[in-house]
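The values are calculated or read from the model by the stated rules, or taken from the named source; none is laboratory data. From a predicted model like this one, the values you see are computed outputs, not experimental measurements. No Cβ is skipped: glycine too gets one built from the backbone with ideal geometry, and neighbour counts run over all protein chains shown.
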Amino acid sequence: MRILVALKQVAARDARLRVNAAGTWIDESDLEYELNEPDAYALEAALDFRDRHGGEVAVVSAGPERAGRAIREALAKGADRGILIETQEPGGGDPLCTAWWLAQAAAAENPELILTGLQSEDAGYGQTGVLLAELLGWPHATLIVEIEKAGAGLRLRRELEAGRFQYLELALPAVVAVQSGIRPLRYATLMGIKRAKTKPVSRLDPSAWGPPPEPAFQIARVYAPQRAKRTEFLEGTAEEVAAKLVARLRGEARIL
């Protein structure tokens, strides 16, 4: 089975973030970057499926030159080849534009299954996989914690609330958004790192596809939350003060 995994490179978790001069996104001039962890679980699910059923795993990422490092990391973990869509995303990224770029690459690759992470760690929209499926006209499912073959399609286990699960059958081709934690993440071995240097990475120029859709939204302002302290004295008898305190803890703090 031909599997395509969408990856994103995000700022490292321990990076010190500062708002840029325009106040529209974070200052990216001196940040360290890493593979988006939810996408790492999508990659792990793809590699596990390939190891059990055969096929090929290709990874694709839309971003600047530095995004190639995320692709190489995926290749070191076992992906067969990579695709870099060379583009400069606007601050925060627009999920519709990203999904459109991925859809153009997918149309040329003709995969049977596309896997994405549930969301990105920087913007957290959780929309790219759903929009990608809509643009391709493919069925899709989200919050998936188990993927199995079922005849010509897939049998999926979807995580719901309160420890409940839903079982789905999905026809192929399809787009599946994987829940983080679907499987333990594998590490890149020394041999895998060496092999990654010889695996092919193709580069695509999105200008050949024409202009992407207009952004569905625009970030007007990014700022750090304002911290403020407030002191309030509860008056009354001991019983009245206790009742007021319990009411605040239950209704406002929500810890009771």
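Return a yes/no flag: does the range 74-97 have any residue that is under 26 Å from GLY137 (Cα atoms), in contact with a helix residue (DSSP H, G or I) (Cβ under 8 Å, 6 or more places away or on another chain), assigned to a helix (DSSP H, G or I) and of a type outside the set (A, V, I, L, M, F, W, C). Scanning the range 74-97 turns up at least one residue that is under 26 Å from GLY137 (Cα atoms), in contact with a helix residue (DSSP H, G or I) (Cβ under 8 Å, 6 or more places away or on another chain), assigned to a helix (DSSP H, G or I) and of a type outside the set (A, V, I, L, M, F, W, C). Just for the range 80-98: of the residues that are among the hydrophobic types (A, V, I, L, M, F, W, C) and either at pLDDT 95 or above or in contact with a Lys or Arg (Cβ under 9 Å, 6 or more places away or on another chain) (or both), which one is surrounded by the fewest Cβ atoms within 10 Å (Cβ to Cβ)? Ranking the candidates gives ILE85 first. Number of residues in the range 1-10 that are of a type in the set (A, V, I, L, M) and either within 13 Å of the chain's Cα centre (by Cα) or more than 29 Å from LEU113 (Cβ to Cβ) (or both): the value is 4. For the range 137-256, the strands (runs of 3 or more DSSP E) that sit wholly inside it and include 2 or more residues that are among the aromatic types (Phe, Trp, Tyr) and in contact (Cβ under 8 Å) with a residue 12 or more places away in the chain are 165-170.
When VAL19 is tested against the conditions (1) over 30 Å from GLU148 (Cβ atoms); (2) more than 19 Å from the chain's Cα centre (by Cα); (3) surrounded by 15 or more Cβ atoms within 10 Å (Cβ to Cβ), the lone failure is (3). Being surrounded by 13 or more Cβ atoms within 10 Å (Cβ to Cβ) and farther than 13 Å from ILE144 by Cα is a property that does not hold for ILE182.
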